[in-house]
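Bear in mind that the values in this text are calculations on the coordinates, not laboratory data. These figures come from a predicted structure and were not determined experimentally. Counting neighbours? That spans all protein chains shown, and the Cβs are built from the backbone with ideal geometry, glycine included.
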Amino acid sequence: MKTVSERLDKNNIPKHIAIIMDGNGRWAAKHGKPRIMGHENGVESVRSVVEGAGEIGVKHLTLYAFSTENWDRPKKEVDALMGLLVHAIEAETDELNKNNVRLSVIGNVAIMPEEVRHKLNGCIDALKNNSGLNLVLALSYSGQWDIVNAVKHLVADVQQNKITQETINNELFQNYLSTAKMPAPELLIRTSGEYRISNFLLWQIAYSELHFTNKLWPDFRKQDLFEAIIDYQNRERRFGKTSEQLTS
Ligand code: FPP
């Protein structure tokens, strides 16, 4: 029997994969541990999928690490998540560098604690010349924030006569989104058996294939990423066209 990596079509790897990493709290509850232990174990999953994505040539991997709505969690959990983030960034920079990974961040980072921003910027800077996987952390991010932020900058450019209202179309608009330099994700994965988008990349996932798995995020590994990609490779992406149009 072929292994999961042998079943992968290496000529049809998505350029951009986005993941909603869900189920850390339930994983912790299942193991009789405090919620933060779920997040801590989730870091091991991040490590594994980053490694897997790099190995097979994914160009961009966007991870929903902290949403705009997550600020409303108990202060203790928010503080613990910020601490975990700082710790993970520090601990992983060398390994990411060895694997030729670049780091970027999307979201309202300006409202993150100073220490987190400082560490993030240091890591982004240390990895900026790498040419492999672009690891994108969505932090203090929501799809609605992204769209409103884009509108603000677009309106400013109209007011300053840099662009005219008539030139606004989908292509121009997406240049104002935080993902401007990336292709739209071909594949969006959500773990933990929930079937929601939870305010993630709302504009960008217009034609993404969606893959849901019951696995809780701390149990997710690169083999699960490869399975999700195989599922994607078996889909027919029609972009609103008919099946016949695609084959003719
Ligand atoms: C959702 O699970 C997960 C989060 C809100 C945080 C995800 C963060 C990590 C995996 C660590 C990030 C680290 C790096 C280096 C990117 P949940 O708490 O909503 O789980 P539940 O729905 O079971 O309660």
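The stretch between residue 44 and residue 90 holds 15.1 nm of extra length on full extension. This uses 0.36 nm per residue minus the Cα-Cα distance.
With each label modelled as a point 7 angstrom along the Cα→C-beta vector, the residue 248-residue 171 pair spans 2.5 nm. The gain in end-to-end length when the residue 155 to residue 223 segment is fully stretched comes to 20.0 nm, 0.36 nm per residue minus the alpha carbon separation. Under 11 Å from the Cβ of residue 22, count the other residues' Cβ atoms, weight Lys and Arg +1, Asp and Glu -1, and hand me the total. The answer is +3.
Each Cα pair under 8 Å and six or more residues apart adds its sequence gap; the mean of these over the residue count of region 141-248 is a relative contact order of 25 percent.
Stretched out straight at 0.36 nm per residue, the stretch from residue 73 to residue 12 would grow longer than its current Cα-Cα span by 18.0 nm. Rg/Rh for the chain stands at 0.98; both radii use Cα atoms, and Rh follows the Kirkwood definition. Each Lys and Arg adds +1 at its Cβ and each Asp and Glu adds -1 at its Cβ; summed about the Cα centre, the chain shows a dipole of about 180 debye. For the chain, the 222 nm mean residue ellipticity estimated from helices alone, with every DSSP H stretch of n ≥ 4 adding -39500 (n - 2.57) and the total spread over all residues, rounds to -13500 deg cm²/dmol. Under 5 Å from the amide H of residue 67 lie the amide H atoms of 140, 141, each residue being 5 or more positions distant or on a separate chain, with H modelled from the backbone and absent for Pro and chain starts. Taking GluC sites (Glu not before Pro) across region 213-248, the ones in a DSSP loop with at most 16 further Cβ atoms lying within 10 angstrom of their Cβ are 236.
Counting only Cα atoms, I'd like the Rg/Rh figure for region 112-233, Kirkwood definition for Rh. Kindly include the intermediate steps, with their values, before the conclusion.
On the way: Rg = 17.4 Å, Rh = 17.1 Å.
Result for region 112-233 is an Rg/Rh of 1.02.
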